[in-house]
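The next block holds one structure in the form of structure tokens; read it before the comments.
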Amino acid sequence: MTQSKPPLLDVRGLSLSIATGGSLMPVVRDLSFSLNASETLGIVGESGCGKSLTSLAIMGLLEGTPVRVTGGEILFEGRDLLTLPARERRRIMGNEMSMIFQEPMTSLNPVYRIGDQIVETIREHQPMSKTAARARAVELLRMVRIPDPQGRIDSYPHQLSGGMRQRVMIAMALAGSPRLLIADEPTTALDVTVQAQILKLIADLQSETGMGIILISHDLGVIAETCDRIAVMYRGRVVESAQTRDLFARMRHPYTRGLLDSIPEPDEDVERLPTIPGRVPGLDERVDGCAFHPRCARASDICREQDPAETAFGGGHAGRCHHPLEPDA
Amino acid sequence: MLGYATRRLLALIPTLLAASLLVFLFVHLIPGDPAAVLLGDTATPEEVEALTREMGLDAPVYLQYLYWLGNVLQGDLGTSIFFGAPVLSVIADGAETSILLAVMTMVWIVILGVPIGVVSATRHGTWVDQLASGGAMLFASVPTFWLGLYLILIFSVSLGWLPSSGYPSISDDGGLANLRYLLLPSFTLAAPNAALIIRLVRASMLDVQREDHVRTARAKGLAPWKVATKHVFRNALIAVAAAFGFTFAALISEAVVTETVFSLPGIGRLVVQSILRRDYPVIQGVILIIVVLYMVINLLVDLAYAWLDPRVSLK
């Protein structure tokens, strides 16, 4: 790789903590990953693993929450977002970098017409007349394949279905022609058929615009279909990351294996779906050594004592495990 | 929306009929004979009886009601027993004071309640918020008559800045400057209601602030003040609009006390005096007008509600 151009997004050693009373409770520890243009990175993990908080930190939406950035840097095209003044940061938000959320039903303001909400985003970042911005909004609605955009632009959110609302959210996210799109569980609240449509739409838009995408999901199936690279998070850490094909061919972390095994397969006749035993420890519970060891069949003494460092398995495949699975397993 | 308003106005008719009957019956249930009150202690029973007949008060109550209702429908609210003048003109005399008092009170409520509520919510948890919430709590708990008396003591007696009582019409000498007579009374009347609005604006803004669409607005890169006004406040207003209906109801009863404390020649004081005088036609007339006003204001609140929240459909 050449050093001429920095990656689109480079997260280095990001740590997040929740402020409770007087103390800080770590929720994301020393997280690093990078993303290039036209690339899709999937972040997968159970609820509470810190994947959503990470996306909010990148987007700059932690203000007003008890979560604090306690370390690291988030470089967007070489600029550290964490040290940018608020005003300059806002110039990037919704413009060069935008985000869509899990709940299309509640993510749009119920009292404004969808057209006005899109126009608001456009005019916030580009000097444009109302008429021009409205024409652009129609164009955006057409881009996200909303039928009859001229007629739909004056609808209120409650007049649209969940899938349509998520398309509107995507249209709004595209308003500034972003180079990075963060999609936090964009299809979780939708019907399965609509899910596939939305994922295809996002993929199509990526090939049209060349934006980089971070797709956050708890669903390894969704991630597998759409992402070039996958980072598996467990309790605030990336425990394994690799190219999608590589990860599924040779998963090395027992947690990744567990996630995959708990996806039902229609052609297999199993009595009971395997689950990962135990539960994710609470944030206030202290776990020494590897955070996954209480639930891991391969855990040994070293796992209980020492937090595993990142091991490179070659080909961009890395993981944190003292006893990684054999590549053929 | 026009069709809805028309239908709501038509629906007022049966409600008004019921209200008129209630008002009529309640007033006639008050013990005491208007003829006796009118003639004073020295009147003989014969004189009282003659006057009672003259005023039609010897007829059966249902006939009195029908007779009164017939006149009301023709726009005649009767003649005041005490003043000997048409009820409508007696009420009109007090209307200027009361309408101006109500308008100034509403102005106080809006200019105090809304901005303090907004600041309180956006500075949630800071000393500004605590001061505002504490102040709101205090003013919500202070009785109107007590606050009125203290304001008179401070601003009229000690400082001599504002008049303590009475109200000359703005058509008299002094013109609009006469409105200063209403400053203290309107503030007194506004205080508990503004306190309510402060608390409500604050609470509903804090509720809205947690909603997903506010996060979307911030993700657009909007400046915090734009998020607070265009997105949070705008949505919080829906709950606040409903409260203005209740506020109006509260104002009516509090106006009676306030007009008495500040000796204002308004409708509130007219009601109190008319009850003491057993002036049936005036009491009935005033209450009927208040009922109409109350229902119209509630209709306006409902229309505002639908206008503020597109999810509410007026069908």
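For chain A, the fraction of C-alpha pairs farther apart than 29 angstrom is 41 percent.
What does the net charge come to around A:Leu16 if you take all other residues with beta carbon closer than 12 Å to its beta carbon, with K and R at +1 and D and E at -1? Value of the local net charge: +3. Cβ-to-Cβ counts within 10 Å put B:Thr247, B:Thr79 in ascending order as B:Thr79, B:Thr247, the fewest first. With only the Cα atoms considered, region B:2-73 has a convex hull volume of 100 Å³ per residue. In the Gaussian network model of chain A, springs joining C-alpha atoms below 10 Å, which of A:Glu225, A:Glu77, A:Glu63 carries the largest mean-square fluctuation? Of A:Glu225, A:Glu77, A:Glu63, the Gaussian network model singles out A:Glu63 as fluctuating most. Amide H contacts of A:Ser15: A:Asp30, A:Leu31, A:Thr70, A:Gly71, A:Gly72, each under 5 Å away and 5 or more positions distant or on a separate chain (H built 1.01 Å from N in the peptide plane; Pro and chain starts excluded). Size of the protein assembly as shown from its Cα atoms: along the principal axes, largest to smallest, the extents are 119, 56, 56 Å. Comparing A:Ser52, B:Gly32, B:Pro163 along the charge dipole axis of the protein assembly as shown, the residue lying farthest to the positive side is A:Ser52, per the Cβ-charge model.
Only aspartates and glutamates eight or more places from B:Lys220 in sequence, or on another chain, were considered; those with a Cα closer than 18 Å are A:Glu63, A:Glu88, A:Glu96, A:Glu103, A:Asp116, A:Glu120, A:Glu124, A:Asp184, B:Glu211, B:Asp212. Reducing region A:67-109 and region B:156-201 to their Cα centroids gives an inter-centroid distance of 50 Å. Taking amide hydrogens as placed 1.01 Å from N in the peptide plane, the amide H of A:Ile182 sits under 5 Å from those of A:Ser98, A:Met99, A:Ile100, A:Ile214, each at least 5 positions away in sequence or on another chain. Modelled this way, with points 7 Å down the Cα-to-C-beta line, the labels at B:Ala5 and A:Ile263 are 5.9 nm from one another.
Is there a pair in A:Lys5/A:Lys130; A:Lys130/B:Lys230; A:Lys51/A:Lys200 whose C-alpha atoms are over 25 Å apart, and which pairs would that be? Those over the limit are A:Lys5/A:Lys130. Footprinting exposure proxy ranking of B:Thr44, B:Thr105, fewest other C-beta atoms within 10 angstrom first, gives B:Thr44, B:Thr105.
How big is Rg to Rh over region A:197-329, alpha-carbon atoms, Rh as the Kirkwood inverse-mean-distance radius?
1.00
Work out the FRET efficiency for A:Gln197 and B:Val103 from their Cβ-Cβ distance, taking R0 = 56 Å, and round it to the nearest 0.05. Show your work: numbers first, answer last.
On the way: r = 56 Å, r/R0 = 0.99.
Plugging the Cβ-Cβ distance into 1/(1 + (r/R0)^6) gives 0.50.
Here region B:52-137 is treated as a sphere whose radius is the Kirkwood value from Cα pairs; by Stokes-Einstein at 20 °C and 1.002 mPa s it diffuses with a coefficient of 123 µm²/s.
Spatially, region A:214-278 and region B:15-56 are offset by 87 Å when compared through their Cα centroids.
Dipole size of the protein assembly as shown about its Cα centre, with +1 on Lys/Arg Cβ and -1 on Asp/Glu Cβ: approximately 1600 debye, rounded to the nearest 20.
For region A:76-150, the dipole from Cβ point charges (+1 on Lys and Arg, -1 on Asp and Glu) about the Cα centre works out to 220 debye, to the nearest 20.
Computed FRET efficiency, Cβ-Cβ of A:Ala86 and A:Thr65, R0 25 Å: what is it to the nearest 0.05?
Working: r = 16 Å, r/R0 = 0.63.
The value I calculate is 0.95.
Secondary-structure-derived ellipticity at 222 nm for the protein assembly as shown, considering helices only, amounts to -15500 deg cm²/dmol, per-run term -39500 (n - 2.57) for DSSP H runs with n ≥ 4. In terms of surrounding Cβ atoms within a 10 Å radius of their Cβ, A:Arg12, A:Arg29, A:Arg237 rank from fewest to most as A:Arg12, A:Arg29, A:Arg237. Projecting each Cα onto the charge dipole of region B:87-308 (Lys/Arg +1, Asp/Glu -1 at the beta carbon, about the Cα centre), which of B:Ile154, B:Ile290, B:Leu131 comes out farthest on the positive side? Highest projection toward the positive end goes to B:Leu131.
Values quoted throughout were computed directly from the atomic coordinates according to the rules given, and no laboratory measurement underlies them. Only a predicted model underlies this, so the values are computations on that prediction, with no experimental measurement involved. We place every Cβ from the backbone using ideal geometry, glycine too, and count neighbours over all the protein chains shown.
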